[in-house]
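The values are calculated or read from the model by the stated rules, or taken from the named source; none is laboratory data. Remember, predicted model here, so these are calculated numbers, not experimental data. Reconstructed Cβ throughout: ideal geometry from the backbone, glycine too, with neighbour counts over all protein chains shown. Remember, those area values only see protein heavy atoms, side chains included, never the ligands or the DNA or RNA. Shrake-Rupley method; radii C 1.70, N 1.55, O 1.52, S 1.80 Å.
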Amino acid sequence: EYERGLELLRRGVPTLEPLAWGRDGLHGWLVTRTLPDAVNLLDHLATRPCLRRLGPALGTFLARCHEAGVRHGDLHPGNLLLCEGAGGPELFLIDLALASAG
C-alpha cells in the first residue's frame, strides 16, 4: 500500500500521503499523513444522506482516477474519506490494497 499510495499521488489521485511502512511478524502497518477534519464517507452518509453536494465531488474524483488509469477493486463509500475544502467537498481514496494503476 505504501508504494501504491506514492504512485497514486504521483498520478494526481487524492489519497493519504504514505510516510512509512513496516512489518511485525505476520502483520504489516502503514503510517500516513493526517488529513485534518476528514470523515469516512460511509459515516457521513449515515448521518447526512443528501448526495446533492457530493455529486460534483464524486464526479471529479472518479474522473481523476479514470484519467490517471487508476482502478479500485472494491470502491465503496467506506473506502473514501470526505473533507470539506474551501471549494466544497473533496474525496480521498483509502484502502489501497485493491487499487491498481495501469
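Residues that are of a type in the set (A, V, I, L, M), assigned to a strand (DSSP E or B) and open to solvent by 10 Å² or more (accessible area, probe 1.4 Å) within the stretch 92-102 comprise just one, Ala101. Scanning the stretch 17-30 for residues that are open to solvent by less than 80 Å² (accessible area, probe 1.4 Å) and at pLDDT below 95 yields Gly22, Gly25, Gly28, Leu30.
For the stretch 31-54, a tally of residues being free of Cβ contacts under 8 Å to residues at least 24 places away in the same chain and open to solvent by less than 40 Å² (accessible area, probe 1.4 Å) returns 0. Inspect the stretch 53-64 for any residue being more than 18 Å from Leu16 (Cα to Cα), among the small types (Gly, Ala, Ser) and more than 15 Å from the chain's Cα centre (by Cα) and give the result as yes or no. Yes. Before we move on, is Phe61 aromatic (Phe, Trp, Tyr), assigned to a strand (DSSP E or B) and crowded, with 17+ Cβ neighbours inside 10 Å? The answer is no for Phe61.
If you go through the stretch 64-88 and pick out every residue that is touching a residue at least 40 places away in the same chain (Cβ under 8 Å), open to solvent by less than 20 Å² (accessible area, probe 1.4 Å) and closer than 20 Å to Glu7 by Cβ, you end up with 4.
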